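Visitor: Here it is: the structure, laid out below.
Each reported figure results from applying straightforward, stated rules to the coordinates on display, with no laboratory input. Predicted model only: the values in this text are computed from it and were never measured. Heads up, the Cβs are rebuilt from the backbone with ideal geometry, glycines too, and the neighbour counts pull from every protein chain shown.
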Amino acid sequence: MMLRSLNLSIKGVSTLSAHTPTTKRLFTSSTSNMAPRITRPKLKEYPFVVTQSTRWSDNDQYGHLNNAVYYHFYDALVNGYYWDQCKHNVMGDLRALVVASGSEYFEIIDGFPKPLVLGLAVRKLGRSSVEFEIGVFQQSKTAEQEESAESIVYEAWANSGEDPVPATTEEALFRELRNQKVKALGKFVHVFVDSTTNKAVPIPADLRKGLEEIYVGPSLPKM
């Protein structure tokens, strides 16, 4: 999975405080009595974004992304952020245990071979715990449209005079989807514990700094 900060490719990243109301929800899956959201954030509202490829084995019998696969993507995204952006060894003495998780599905998402775009934000940040929100996005295009998508996107931004032409196809994809509402919305809550005692411990300053970079909640108290 390739990690890339949205700040490098989209200007004016906003917070998750101004969501647009939704009118439908397909299904909600939760291990924590996750209260269904009445809003659907857009890609541009997430401070960190990645691209995620799909596999043939991710498909269900209808050719859609299997519901269970979303949790694999959520887990990989969060731990990838710890490892790459926070420089935190997820297999070290400080462990992040999942204490709650949930997922809401607003639209059907196609499986392999169509890739996904995932947005990541920290909704809550405590002394020993952190709550992540993950938004799932995907292009809604036919095969013929996808063949010419790259040239169309580059030409559009080259002639707009507003933003620089994307340096990569990945950046072009981020920009193209920036106003798309989430197709699925995930929640992951971690509590940090000592690997020997399994007791909760404070989040170290360096790790907390990395989490604060994608924090979108109210003002944080000083720790």
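Visitor: Can you list residues from other chains, or at least 5 along the same chain, whose modelled amide H is less than 5 Å from the amide H of ALA184?
Guide: When sequence neighbours closer than 5 places are left aside, the close amide H contacts are PHE106, VAL136.
Visitor: Return the subset of LYS114/LYS209; LYS114/LYS199; LYS87/LYS124; LYS44/LYS199 for which the Cα-Cα distance in this structure is over 30 Å, preserving the input order. Intermediate results must be reported in sequence, preceding the final value.
Guide: Details: LYS114/LYS209 34 Å; LYS114/LYS199 41 Å; LYS87/LYS124 20 Å; LYS44/LYS199 37 Å.
As for pairs spanning more than 30 Å Cα to Cα, those are LYS114/LYS209; LYS114/LYS199; LYS44/LYS199.
Visitor: Let me ask something else about it. What's the ranking of 98-110, 40-52, 196-208 by average number of surrounding C-beta atoms within 10 Å, highest first?
Guide: Details: 98-110: 18.5, 40-52: 22.5, 196-208: 13.2.
Ranked from most to least packed, the peptides come out as 40-52, 98-110, 196-208.
Visitor: Another question, then. With θ set to phi - 60°, apply the Karplus curve 6.51 cos²θ - 1.76 cosθ + 1.60 along the range 72-85 and write out the HN-Hα couplings as whole Hz, x wherever there is a Gly or Pro.
Guide: For the range 72-85, the Karplus curve yields 5, 5, 4, 5, 5, 5, 5, 5, x, 5, 3, 6, 8, 9 Hz.
Visitor: Next question. Between TYR62 and ASN89, how high is the FRET efficiency from 1/(1 + (r/R0)^6) when r is the Cβ-Cβ distance and R₀ = 35 Å? Nearest 0.05. Walk me through the numbers on the way to the answer.
Guide: Numbers: r = 39 Å, r/R0 = 1.13.
Using R0 = 35 Å, I get an efficiency of 0.35.
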